[in-house]
Amino acid sequence: MKKIGVFTSGGDSPGMNAAIRSVVRTAIHLGMKPYGIYRGYQGMVDNEIVEMDAFSVSNILQLGGTILRSARSEEFRTKEGRAKAYKNLKKHGIDAIVAIGGDGTFTGAKVFSQEYRDIQFVGLPGTIDNDLMGTDYTIGYDTAINTAMSAIDKIKDTANSFDRLFFVEVMGRDAGFIALRAGIATGAEAVLVPEMETDIDALVKKLRKNVARRKNSAIVIVAEGDDAGGAFKIAEQVKAKGFEDYEMRVSILGHLQRGGSPTCMDRMLASRLGMEAVKALQAGVSGVLVGKKCKDIVYTPFEKAIKNKQKLNPLLLEIVEILS
Ligand code: F6P
C-alpha cells in the first residue's frame, strides 16, 4: 500500500486546508495511507509525522491558514537536515509526498528528490502571490485579491470623505499580480508593480491630471516589491516633487491578505488539484508541480516552475491606464 505524506510550507494561503483535505480523502479513496507532516520541512526533520484518516480533515474546508502549520526550515537547507528528513520518512514507510507551497517549497523539493530518488515528490501551488509558472492561478490568490479589494474599497470611503491621496501597499513579494487585479477591481488611479520600472515624474503628472479633472481623492496601489520602494518611500518621493494637492496617507495591508476563509474559486482549485496530485503519484509521476491551465491539468518540472516566473499580462496595465 502506498503511503503518502502531505505538508504545507512557506507563506500560508487560504485554501491550503481544502488542498490537505482533498489529498487525504483522495488517498484513502484510492486505497493509500495518508500522513500529515507538521510545520513543513522542519516537521520532516523533527519527525512530526502523524497518520491521518478521513475525520482528521473534517470541517477544515472553509478555514484559512493551515491545520498542518507552516515553517521556513533552515535545517532542511543542509545535507544533514535532509538526511534526517529522509530517515524519518522511511521510518514511517512513506514513499510519496505532496508538498503544498510556493517557490521556496519547490526549491527544497527539487534538491530532495534529486538526492533521494526512491521517494516520489509532487507539488501543489499554494501561495497568495500567484507567481508560479505552470498554473494559471495559485491556491489562495483569489481569496487574497478579494480581501485586498474589499480593504481598498473601505479605504476609498475615507479617502473620499477627506479629499486624500492614499498609497496602499499590497503583498506579492517580487510579483505584481495582487496589486494589478486589486487595482483594476477598485478603480485605482495608478498601480505600481515590480515588473515595470516606476517613473515618479509620470506618477506625479498623472496625479496632477487627476486634480485637474476635479477628482477629490486618489488611490495608488503599490506592490511591496516595487523597484521605487514600498508605499512610504514612494509617498515621500511624490511629496519631494512638490505635489501637495491632496493630503497623503499610507496604508500597508500586510498579513491580513494571507488569512480568512477561502473563496469558492480557491476551494474548487484546491479540491481539484489535491485529487490530481494523488492521481499523479498513483501513476508514478514525480518531480513536478501539478497545476491547472485553462481546463487542463499540467505537470511542470520543479526546476522550470521555480526558474520561470509567471508573466504579468501587460493588457491589464493598459486597463488601469484607460479606466482610471
Ligand atoms: O509568499 C507569500 C508572502 O505573503 C509574500 O507576499 C510576502 O512577501 C511574504 O510571504 C511575507 O512573508 P512573512 O510572513 O515571512 O513575513
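Can you find even one residue in the stretch 273-284 that is in contact with a helix residue (DSSP H, G or I) (Cβ under 9 Å, 6 or more places away or on another chain) and in a loop (DSSP other than H, G, I, E, B)?
Looking through the stretch 273-284, none of the residues is in contact with a helix residue (DSSP H, G or I) (Cβ under 9 Å, 6 or more places away or on another chain) and in a loop (DSSP other than H, G, I, E, B).
For the stretch 296-310, which residues satisfy the criterion of being under 17 Å from Q114 (Cβ atoms) and open to solvent by less than 50 Å² (accessible area, probe 1.4 Å)?
T300, F302, A305, I306
Which residues, taken from the stretch 12-41, are within 16 Å of the ligand (Cβ to nearest atom) and buried (at least 24 other Cβ atoms within 10 Å of the Cβ)? So that I can check it myself, show each step before the final result.
Filtering the stretch 12-41 for residues within 16 Å of the ligand (Cβ to nearest atom) gives 12-16, 19, 39-41.
Within the stretch 12-41, D12, S13, P14, G15, M16, A19, G40, Y41 meet the criteria.
Kindly establish whether M149 is at pLDDT below 95, aliphatic (A, V, I, L, M) and open to solvent by 10 Å² or more (accessible area, probe 1.4 Å).
No: the conditions fail for M149.
Anything in the stretch 129-150 that is in a loop (DSSP other than H, G, I, E, B), hydrophobic (A, V, I, L, M, F, W, C) and more than 11 Å from the ligand (Cβ to nearest atom)? List them, or say none.
From the stretch 129-150, those in a loop (DSSP other than H, G, I, E, B) are 129-138, 140; that's our starting set.
Narrowing the set further to residues that are hydrophobic (A, V, I, L, M, F, W, C) leaves 132-133.
Across the stretch 129-150, the qualifying residue is only M133.
Is it the case that the stretch 73-96 has a residue that's in the same structural domain as D129 (by TED's automatic domain parsing) and under 23 Å from P262 (Cα atoms)? So that I can check it myself, show each step before the final result.
Pass one, the stretch 73-96, residues in the same structural domain as D129 (by TED's automatic domain parsing): 73-96.
Pick out the ones that are also under 23 Å from P262 (Cα atoms) and you get none.
There is no residue in the stretch 73-96 that is in the same structural domain as D129 (by TED's automatic domain parsing) and under 23 Å from P262 (Cα atoms).
Is the stretch 263-275 home to any residue that is within 21 Å of A148 (Cβ to Cβ), among the charged types (D, E, K, R) and away from the ligand (no atom under 16 Å from the Cβ)?
Within the stretch 263-275, the subset within 21 Å of A148 (Cβ to Cβ) is 263-270.
Now drop any that are not among the charged types (D, E, K, R), which leaves 266-267.
Restricting the remaining residues to those that are away from the ligand (no atom under 16 Å from the Cβ) gives 267.
Yes.
For the stretch 8-44, what are the residues that are basic (K, R) and over 19 Å from S58 (Cα atoms)?
The first filter runs over the stretch 8-44 and keeps only residues basic (K, R), leaving 21, 25, 33, 39.
Hit for the stretch 8-44 is R39, nothing else.
Looking for something under 30 Å from D12 (Cα atoms) and touching a strand residue (DSSP E or B) at 6+ places or on another chain (Cβ under 7 Å) - is there at least one such residue anywhere in the stretch 201-216?
Residues of the stretch 201-216 that are under 30 Å from D12 (Cα atoms), as a first pass: none.
The answer is no; no qualifying residue exists.
In the stretch 194-225, how many are within 16 Å of the ligand (Cβ to nearest atom) and either closer than 17 Å to E321 by Cβ or aliphatic (A, V, I, L, M) (or both)?
The qualifying residues number 4.
Quick one: count up the residues across the stretch 197-225 that are within 24 Å of the chain's Cα centre (by Cα) and farther than 22 Å from S150 by Cβ.
Of the residues in that region, 3 qualify.
Consider E236 carefully, then state whether it is modelled with pLDDT under 95, assigned by TED's automatic domain parsing to the domain that holds A179 and out of contact with any Phe, Trp or Tyr (no Cβ under 9 Å at 6 or more places or on another chain). Full working, then the answer.
Working: modelled with pLDDT under 95: no; assigned by TED's automatic domain parsing to the domain that holds A179: yes; out of contact with any Phe, Trp or Tyr (no Cβ under 9 Å at 6 or more places or on another chain): yes.
No; evaluated as a whole, the condition is false for this residue.
Just give me the residues in the stretch 255-281 being more than 16 Å from S13 (Cα to Cα), open to solvent by 40 Å² or more (accessible area, probe 1.4 Å) and of a type in the set (A, V, I, L, M, F, W, C), in sequence order.
M275
Which residue pairs have Cβ atoms under 7 Å apart, sit 6 or more places apart or on different chains, and have a first residue in the stretch 195-208 that is surrounded by fewer than 12 Cβ atoms within 10 Å (Cβ to Cβ) and a second that is part of a loop (DSSP other than H, G, I, E, B) and not basic (K, R)?
Cβ pairs passing all conditions: E197/D227.
Name every residue in the stretch 209-234 that is of a type outside the set (D, E), open to solvent by 40 Å² or more (accessible area, probe 1.4 Å) and either under 22 Å from L316 (Cα atoms) or not in a helix (DSSP H, G or I) (or both), in order of residue number.
Taking the stretch 209-234 as the starting set, the residues that turn out to be of a type outside the set (D, E) are 209-223, 225, 228-234.
Now narrow it down to the ones that are open to solvent by 40 Å² or more (accessible area, probe 1.4 Å): 209, 211-216, 232-233.
The answer is K209, R213, R214, K215, N216.
The values are calculated or read from the model by the stated rules, or taken from the named source; none is laboratory data. Small disclaimer: the values here were computed from a predicted structure and weren't measured. A quick note on method: Cβ atoms are made from the backbone with ideal geometry, for glycine too, and the neighbour counts reach across all protein chains shown. Only protein heavy atoms, including side chains, enter the accessible area calculation; ligands, DNA and RNA are left aside. Shrake-Rupley method; radii C 1.70, N 1.55, O 1.52, S 1.80 Å.
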